[in-house]
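Nothing in this text is a laboratory measurement; each read-out follows from the coordinates by a stated rule. Quick caveat: nothing in here was measured; it's all calculated off a predicted structure. Because the Cβ atoms are built from the backbone with ideal geometry, glycine has one as well, and the counts that use them run over all protein chains shown.
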Amino acid sequence: MNIFLSFTSLLVFPLLSGFSCQPSTLPTVPPADSVHLNQVSFSVSGSKVAVVEEAEAGPFWVLNQAGDTLLTGTTGPGQLWDASGKWASRADFSALNQAGDYVLVLSGGSRVPFRVAEQPGREVVKQLVRSLYFQRCSQPLDAGLAGAWARGAGHPDQAVKVHPSAASDPRPAGATFAFPGGWYDAGDYGKYTGPTAFVAWSLLHLTELDESWETLDLDIPESGNELPDLVDEALVGIRYLLAIQDPSGFVPHKLTALHHAELVMPEGDQDERFLIGKATSSTLSFVACMAQAGRVLVRHEAQLPGLVDECLAAAERAWIWCLAHPDLTFANPADVKTGEYKDSFLEDEWAWAAMERWLSTGKREETSPAQRLLAVAQSRYPFHGDASWTAMLSMSLHVNRLSEQERLAWREQAAWRAGRMKEHSRVNPYHSPMGLNENDFNWGSNSIVAKMGLWFLMTGRLDTRRNFNREAGEVGAYLLGQNPLDLCMITGMGERSPMDIHHRPSKVDDVPEPVPGFLVGGPQNVVKLQDCEAYPSSLPALKYLDAWCSYSTNEVAINWNANAFLFFGWLDQVEKSN
Ligand code: 9MR
Ligand code: 9MR
């Protein structure tokens, strides 16, 4: 965090009492420290840390609003993080365990306000989920709910043309169909099947994690009806996906124009849109999503007559299609230039689909889903894709379904990786597990951070003897400001958050602030792209630009948001039970 209050009076630090009332009239201004900490709110039970860059080790004080010193400490020895190229030390004030507003005072002269609250995660989850409302396709956003970001309905999608790559007998190339609804993927206006399935799954996962999420009020048009808001939002994706499934079983890979839209509002984009592509990966994601919906929505069957059976039947049709087309990978046809979501490793999607199908229906192939998933986890680094660890999250809510042997093997696997992440995180002052794999600072690195946090938390569920909650807490703090960019990575939250995101409506509308609640992609130096002309740094944790041109670091995407709300949802769960 940049120092927004730097008080010269702190030169008289030893005379602590009463200094907060002194006017800052002393002539010498000490160099301000560069302090990075959670800009939103620490939780009462969680860890509380500020990272101070390139400062001498020294004392720190935590004061309440009245200026009383509640806690003192010393910043630890400096550590270098090679990802940011800077030395920094940590001020740890986790002992503070009362909700309230406080000020951290450093010996270098900085005063940094911060907040501690009972369950701050719920508001973070709410904002992250609510961004989906702003991404709804074919639906106007009313001022009452969308505020300054109200807009007309974009893309009615009443006459979507079948591209030859998605053609089937019942849906021949060139024929048109109505496929309204669903969510825009990101800063573009495409609707992509894999991310949509993952997002709908994530929303329902929170309600499966704990019923208390069913009372989360999202301020969406459906709020107040008989269903939980999270379910209402999930249905936006689920109904759209059910509609686009081909009668033969596959689910088209995406619905987009042939090129990314110009810089226009959704309602201003007149490009013709197509149903594009057949692929095993997206169809398997659909299987997982629908199978899970067929389990989780049982609780709401009275309000949703027939839907559970419809989801399970759709999942089974898609599964059978996948068995007959086990490795059909997608590549953009020559005339299509929109996002590819190319995936050539499919075993994680297979494991996810098999897991959800088994948990919901008891049906399985010869190899048990838990073993299948274990094989993926043992052979692959899990954080650069979206499929295998989602299966683990579901599995971890149903450990009693595993055999004793599977349970033990999973415990070991989860704890082994969490242990490595923890060890790695200790060598940098941010206690970030990022960089464990050299490609962690990849496109969407912030979502990789969130997945790592989820792994920490999930390990505690699979192996109740262990607990990585502190490590997970620091991962949360990283996303909210405890990072070398000094940025809360979610739009509209914290003291300093991205303003010029790669998101067409945010860029084109007249509102200076971007649409709120989006996790930006984050720093990355893996994907080589010439989007902006120059970046301020090429170091992995710093190669980021808060500028429209930077779609490789400053775009937003619904699946990244889902990673984040899953993580903050799980974190809130452990923090509230502490
Ligand atoms: O806006 C597009 C974004 O959603 C994609 O993630 C990105 C990479 O596929 O592409 C963006 O569109 C750019 C296009 O690829 C090249 N011309 C400039 C476009 C952005 O203004
Ligand atoms: O998240 C995707 C990233 O892994 C790819 O490297 C990148 C380029 O193909 O595309 C990203 O996904 C974008 C998608 O293609 C189009 N909508 C925006 C997505 C987020 O940038």
Quiz item: When only Cα pairs under 8 Å and 6 or more residues apart are kept, what is the percent relative contact order across the chain?
Solution: 16
Quiz item: Under a plain spin-label model, where a point goes 7 Å from the Cα along Cα-to-Cβ, how far apart in nm are Ala66 and Val526?
Solution: 5.1
Self-check item: Over 24 Å between alpha carbons, listed pairs Lys337/Lys528; Lys191/Lys342; Lys337/Lys451
Solution: Lys337/Lys451
Quiz prompt | Using θ = phi - 60° and Karplus 6.51 cos²θ - 1.76 cosθ + 1.60, couplings along segment 306-320 (whole Hz; Gly, Pro as x) | solution = x, 5, 4, 5, 5, 5, 5, 5, 5, 4, 5, 4, 5, 4, 4
Quiz item: If you plug each phi of segment 65-80 into the Karplus form 6.51 cos²θ - 1.76 cosθ + 1.60 with θ = phi - 60°, what whole-Hz ³J(HN,Hα) values come out, in order, with x for Gly and Pro?
Solution: 5, 7, x, 7, 7, 9, 7, 10, x, 10, 5, x, x, x, 9, 9
Quiz item: Which of the peptides 177-185, 137-145 is most tightly packed, and how do the rest follow, judged by the mean count of other Cβ atoms within 10 Å per residue?
Solution: 177-185, 137-145
Quiz prompt | Helix-derived mean residue ellipticity, 222 nm - over the chain, DSSP H n ≥ 4, -39500 (n - 2.57), to 500 | solution = -11000 deg cm²/dmol
Quiz item: Amide H to amide H, which residues 5 or more places from Glu555 or on other chains are under 5 Å from it, using H placed in the peptide plane?
Solution: His502, Gly521, Gly522
Exercise. Can you tell me the alpha carbon radius of gyration of segment 235-285 divided by the globular rule-of-thumb value 2.2 N^0.38 Å?
Key: 1.31
Self-check item: Lys161/Glu214 FRET efficiency (R0 45 Å; Cβ-Cβ; nearest 0.05)
Solution: 0.70
Practice problem: Under 9 Å from the Cβ of Gly517, count the other residues' Cβ atoms, weight Lys and Arg +1, Asp and Glu -1, and hand me the total. | Solution: +2
Quiz item: Dividing the Cα convex hull volume of the chain by residue count, how many Å³ per residue is that?
Solution: 149
Practice problem: Rounded to the nearest Å, what's the spacing between the alpha carbon centres of segment 404-460 and segment 115-131? Just the number, please. | Solution: 23
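Under 11 Å from the Cβ of Lys576, count the other residues' Cβ atoms, weight Lys and Arg +1, Asp and Glu -1, and hand me the total.
-3
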Self-check item: Radius of gyration, Dmax [segment 321-422; alpha carbons; angstrom]
Solution: 15.5, 52
Exercise. Output ³J(HN,Hα) for segment 322-337: one whole-Hz value per residue in order, computed from phi by the Karplus curve 6.51 cos²θ - 1.76 cosθ + 1.60 with θ = phi - 60°, and x for Gly and Pro.
Key: 5, 4, 7, 9, x, 9, 7, 8, 9, 9, 4, x, 4, 8, 10, 10
Self-check item: Relative counts (whole %) of C-alpha pair distances in segment 161-214, using bins that are 10 Å wide
Solution: 20, 32, 30, 13, 5
Practice problem: Just grab the label-to-label distance for Leu263 and Glu404, each label 7 Å out from Cα along the Cβ direction, in nm (one decimal). | Solution: 6.6
Practice problem: Quick one: work out Rg over Rh on the C-alpha atoms of segment 300-348, Rh as Kirkwood radius. | Solution: 1.17
Quiz item: How compact and how long is segment 517-578, expressed as Rg and Dmax of its alpha-carbon atoms in Å?
Solution: 14.7, 48
Quiz item: Rg/Rh for segment 190-286: what does it come to with C-alpha atoms and Rh from Kirkwood?
Solution: 1.04
Practice problem: Would you kindly state how much longer the chain becomes between Lys337 and Ala99 on full extension, computed as 0.36 nm times their sequence separation minus their alpha carbon distance, in nm to one decimal? | Solution: 80.6 nm
Practice problem: Pull up all non-local amide H partners of Lys86: gap of 5 or more, or a different chain, and H-to-H distance under 5 Å with H placed in the peptide plane. | Solution: Trp81
Exercise. Sort the following peptides by mean Cβ neighbour count (other Cβ atoms within 10 Å, averaged over residues), highest first: 34-47, 74-87.
Key: 34-47, 74-87
Self-check item: Under-5 Å amide H pairs with Ser110, H placed in peptide plane, nonlocal only
Solution: Asp33
Practice problem: Would you please put 400-408, 119-127, 376-384, 423-431 in order of how densely packed they are, using the mean number of other Cβ atoms within 10 angstrom per residue and starting with the highest? | Solution: 119-127, 423-431, 376-384, 400-408
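If each residue of separation counts as 0.36 nm, what is the full-extension length gain between Ser379 and Met499 once their alpha-carbon separation is subtracted?
Between Ser379 and Met499, full extension yields 39.3 nm more.
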Self-check item: Rg followed by Dmax, in Å, when segment 219-375 is reduced to its Cα trace
Solution: 17.2, 51
Exercise. Report the net charge of residues surrounding Val44, where surrounding means a beta-carbon distance below 10 angstrom and charges are Lys +1, Arg +1, Asp -1, Glu -1.
Key: 0
Quiz item: Going down the table (Lys254/Lys422; Lys86/Lys254; Lys126/Lys254), which pairs top 32 Å between alpha carbons?
Solution: Lys254/Lys422; Lys86/Lys254
Quiz item: Where does segment 373-471 land on Rg/Rh, using Cα atoms and the Kirkwood Rh?
Solution: 0.95
Practice problem: Give the calculated FRET efficiency between Glu423 and Ala57 to the nearest 0.05, with a Förster radius of 22 Å applied to their Cβ-Cβ distance. | Solution: 0.40
